[in-house]
Structure formats: structure tokens, C-alpha cells
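Here is the structure we will look at.
The values are calculated or read from the model by the stated rules, or taken from the named source; none is laboratory data. Everything quoted here is computed from the prediction, not taken from an experiment. Methodologically, a virtual Cβ is constructed for each residue, glycine included, from the backbone with ideal geometry; neighbour enumeration extends over all protein chains shown. With ligands, DNA and RNA removed, areas are computed over all heavy atoms of the protein, side chains included. Shrake-Rupley method; radii C 1.70, N 1.55, O 1.52, S 1.80 Å.
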Amino acid sequence: MSTFEPASVEPGPFGRALFRTSVGVAVFGGLSLLGIMLLTVASVIGRELFGSPIPGDFEMVGIWCAVSVFAFLPYCQLVRGNVVVDLFTE
């Protein structure tokens, strides 16, 4: 087991392949967040400079945010991470 893999990943080729796949999917989620950011910046600049935003940008951002969140979940599960929502606790 390399130092990059957490202790919760099962040893063996299947566990390592599963972990590497989850890391790859999480990287895809991060890249999709970067794309969302670029789309939003382009839409705002287009709206201010040219008076024409990107059509459907609001819907695309919503869909890709959901894709990004679900892309991070396998990695979070394998490293025994936890998503805490402080809505009711504060």
C-alpha cells in the first residue's frame, strides 16, 4: 500500500483499482467545477460587455454542480470522509 492510499482501502489489486478509479472520478469532478467557473465568468463578461449572456448557463451550472458533487462521493466514501451540514446544528 502506498502512502497515498488511506488505510480503509482493501489491500489487493481490486482495492487499489477501485481507489484509483475513485481518485480519477474526483479529479473529473474538480475539472468540472473549473469548467463551471469558466462558464459563469464567460456569461457574466458577455452580459456586461456585449449585453448577451450564454443561453442556458443557469441550467448548465445546476446540472454540472450535481455531477461534481456525485463525482466526489466515491472518494469520500473510500477515505471514510463525512459531509457535515451545519444547517440545524448552529
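Restricting attention to region 7-25, does a residue exist that is exposed (fewer than 13 other Cβ atoms within 10 Å of the Cβ), modelled with pLDDT under 90 and in contact with a helix residue (DSSP H, G or I) (Cβ under 7 Å, 6 or more places away or on another chain)? Yes, region 7-25 contains at least one residue that is exposed (fewer than 13 other Cβ atoms within 10 Å of the Cβ), modelled with pLDDT under 90 and in contact with a helix residue (DSSP H, G or I) (Cβ under 7 Å, 6 or more places away or on another chain). When Ser68 is tested against (1) modelled with pLDDT of 95 or more; (2) open to solvent by less than 60 Å² (accessible area, probe 1.4 Å), exactly one condition is not met: (1).
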